[in-house]
Amino acid sequence: MISIRADRLTDFVRDIFIKAGCSEAEGRDMGASLVGANLAGHDSHGVVRVPRYLQWLGEGDFIANQALKTVIDTPSMAVVDGQYGFGQSMARQAVAIGIEKAKAHGLSAVALRNSGHVGRVGEWSELAAEAGLVSTHYVNAPSSLLVAPYGSIDRRFSTAPYSIGIPRPGKDPIVLDFATSVVAEGKVLVASQGGKKLPDHALVAEDGRMGGDPHFLYGPYEQGGPRDYRQGTGAIRAMGDHKGSGLAFMVEILGGSLTGTGAPLEGRRWANGMMSFYVDPEKIDPDGFFPKDVERYVEYFKTARPIEDGGEVLHPGEPELRTRADRLANGIPISEETWNAIVKAAHSVGINDTRVGEVMS
């Protein structure tokens, strides 16, 4: 593993995407979002994605510098089409619409369809919380069949992530953010490149064996070579047995069918759908009960006794906050294989070794 300062890595990723054809503004969004995922400890949605994003851009699956197309617009609701633009830009624009409408009317709903990969969904909960809003987000990827339902070996779900954000005036928000699979596909990618190993129950092989071997999902691959989940015969397992599988099903319906992106379908062009709902606590609770009760409950929750000596009960988002503080202070750890793949991608868009060296110095 190597360690790189977050600010240098952010600027480097920005430069890669600008060289690849993104505007300066979109390049900044890409750098901030991808490195922000690493800072939160969600390496699966961080800079490990750079080579794959450039591949999809080159193949025409993603399009740089897109603007949202408005399909439906009412005072409290919008349906917008990302037109296969980078999700870090499309989701940011969609969330801005949701914030504006909720601030004006107390409630809003925004359906984003046909977006590129929106990245770490918790980022959008955080953005809404910064504006003082409660939000929920349901995301699907209809062509990205990766996950087997409870009791099955066949892929029928995307990783179907889900996030909720709760604002806390003067404090960091509470953010729940998880894939409805045991692990996100990006975590399998990270593990395949020498990063954190997978739990031994994360994947299921075609013959029903459970394990943590990335080859179950990707099939044969070479060190430094591409990973293609379409080449594997196994699947990621749904989290939480029948309960997690049921939640994944509903996320596919809300993030896919309701947005117009569609529920999982083999052969569809790669896209994310995201269904988001926003609530302004100041409108629904003018007496200010909500923020006080949130703080009361957080304090009570934290008094729960841990099972293990020296353990601690953490509220949603607390591990991410601690990881962010640590990585801002000590750098972001990246496996050598992942870094080499990023450098190769940087070279492919015209960034030279002098610029690479500046990141490492």
Quiz item: Got at least one residue in region 168-182 being within 22 Å of L265 (Cβ to Cβ) and of a type in the set (G, A, S)?
Solution: yes
Exercise. Among the residues of region 109-128, count how many are open to solvent by less than 10 Å² (accessible area, probe 1.4 Å) and more than 16 Å from the chain's Cα centre (by Cα).
Key: 2
Quiz item: Taking into account only those residues within region 173-183 that are in contact with an Asp or Glu (Cβ under 9 Å, 6 or more places away or on another chain) and not in a loop (DSSP other than H, G, I, E, B), which is farthest from F157 (Cα to Cα)?
Solution: P173
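Being part of a helix (DSSP H, G or I) and out of contact with any Phe, Trp or Tyr (no Cβ under 9 Å at 6 or more places or on another chain) is the filter; apply it to region 184-229 and report the residue that is farthest from H45 (Cα to Cα). Break it down into steps so the answer makes sense when it comes.
First, pick out the residues of region 184-229 that are part of a helix (DSSP H, G or I): 185-192, 215-218, 229.
Retained after the next criterion (residues that are out of contact with any Phe, Trp or Tyr (no Cβ under 9 Å at 6 or more places or on another chain)): 186-187, 190-191, 216.
On the way: G186: 6, K187: 8, V190: 10, A191: 13, F216: 20 Å.
Filtering region 184-229 for residues that are part of a helix (DSSP H, G or I) and out of contact with any Phe, Trp or Tyr (no Cβ under 9 Å at 6 or more places or on another chain), the one farthest from H45 (Cα to Cα) comes out as F216.
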Quiz item: Does G260 satisfy the criteria of being in contact with an Asp or Glu (Cβ under 9 Å, 6 or more places away or on another chain) and either in a loop (DSSP other than H, G, I, E, B) or exposed (fewer than 15 other Cβ atoms within 10 Å of the Cβ) (or both)?
Solution: yes
Practice problem: For region 230-246, enumerate the residues that are open to solvent by 60 Å² or more (accessible area, probe 1.4 Å) and assigned to a helix (DSSP H, G or I). | Solution: R230, Q231, D241, H242, K243
Exercise. Select from region 251-279 the residues that are closer than 20 Å to I72 by Cα and basic (K, R) and list them in ascending order.
Key: none
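What residue, of A102, A37, is touching a His at 6+ places or on another chain (Cβ under 8 Å) and under 23 Å from I174 (Cβ atoms)?
Details: A102 fails: touching a His at 6+ places or on another chain (Cβ under 8 Å).
After ruling out the rest, the residue left standing is A37.
Can you tell me how many residues within region 341-361 are open to solvent by less than 40 Å² (accessible area, probe 1.4 Å) and not in a helix (DSSP H, G or I)? First the steps, then the outcome.
Filtering region 341-361 down to residues open to solvent by less than 40 Å² (accessible area, probe 1.4 Å) leaves 341-343, 345-346, 349, 351, 356-357, 359.
After this cut, where a residue has to be not in a helix (DSSP H, G or I) as well, the list is 349, 351.
Counting residues in region 341-361 that are open to solvent by less than 40 Å² (accessible area, probe 1.4 Å) and not in a helix (DSSP H, G or I) gives 2.
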Practice problem: Read through the list (1) in contact (Cβ under 8 Å) with a residue 40 or more places away in the chain; (2) over 28 Å from V80 (Cβ atoms); (3) among the small types (G, A, S), then give the number of the only condition that G256 fails. | Solution: (2)
Quiz item: Of all residues in region 290-340 being hydroxyl-bearing (S, T, Y) and over 16 Å from G41 (Cα atoms), which is least open to solvent (accessible area, probe 1.4 Å)?
Solution: T303
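The values are calculated or read from the model by the stated rules, or taken from the named source; none is laboratory data. It should be emphasised that the depicted structure is a prediction, and the values quoted were computed from it without experimental measurement. Glycine gets a Cβ as well: all are built from the backbone with ideal geometry, and neighbour counts include every protein chain shown. The protein model used for the area step is the full one, side chains on, heavy atoms only, and it has no ligands, DNA or RNA in it. Shrake-Rupley method; radii C 1.70, N 1.55, O 1.52, S 1.80 Å.
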